[in-house]
Amino acid sequence: MARYRTEQPFAGPPEVAFGYLADFEHVAEWDPGVSEAVRLDDGPVGVGTRFRVVVKTGPLVYEVVEHDPGRRIRLVAETATLRSDDVITVLPAPGGATVTYDADLTLRGWARVLSPLLGLGFDRIGDKAAAGLRARLAVLASGSGG
């Protein structure tokens, strides 16, 4: 298993950051490892909402498995060879909010033999995504990126 966690400040209302991040279609705007993200259903985001996210290794379908509106969302994607478990938390903080993105990636099946190498690559991918998230949150907080 590999884990990546980042905390980012948001200089705007917490509900703005949460609304943006909970709509996981936006992941393609800030994570350079994602080439496309599309919502697969309609209505408000909640438990059961699904997103198709395309990464270098192929498409993943993330499903919202926990949803605490305005505060926390958990999305899980599973294939025969991996499981991605992502938790986004937005908490009020002085001057805005703190956004925490916590991702666990676990290889499954035959791919488990590659687990010792997973952390190295996942850290690099996570660092790039964290930088993109930080930049996108700054734009969103300025009011020009909503």
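Where a number appears in this text, it was derived from the coordinates with a stated rule and is not lab data. Every value quoted in this text rests on a predicted model; they were computed, and no experiment measured them. Glycine also receives a Cβ, built like all others from the backbone with ideal geometry; neighbour counts cover every protein chain displayed.
Calculate the dipole size of the chain relative to its Cα centre from +1 charges on Lys and Arg beta carbons and -1 charges on Asp and Glu beta carbons; express the result in debye to the nearest 20. Display every interim value, and only then the final one.
Numbers: 16 positive and 19 negative charges, 85 e Å.
The calculated dipole for the chain is roughly 400 debye.
How high is the relative contact order of the range 1-97, in percent, counting Cα pairs under 8 Å that sit 6 or more residues apart?
26 percent.
With the convex hull drawn around the C-alpha atoms of the range 1-59, the volume per residue stands at 123 Å³.
Our summary of shape: the Cα atoms of the range 2-141 have principal axis extents of 46, 32, 23 Å, ordered from largest down, in whole angstrom. To the nearest 10 degrees, how steep is helix 115-141 against the longest Cα principal axis of the chain, on a 0 to 90 scale? Tilt relative to the chain: about 20 degrees.
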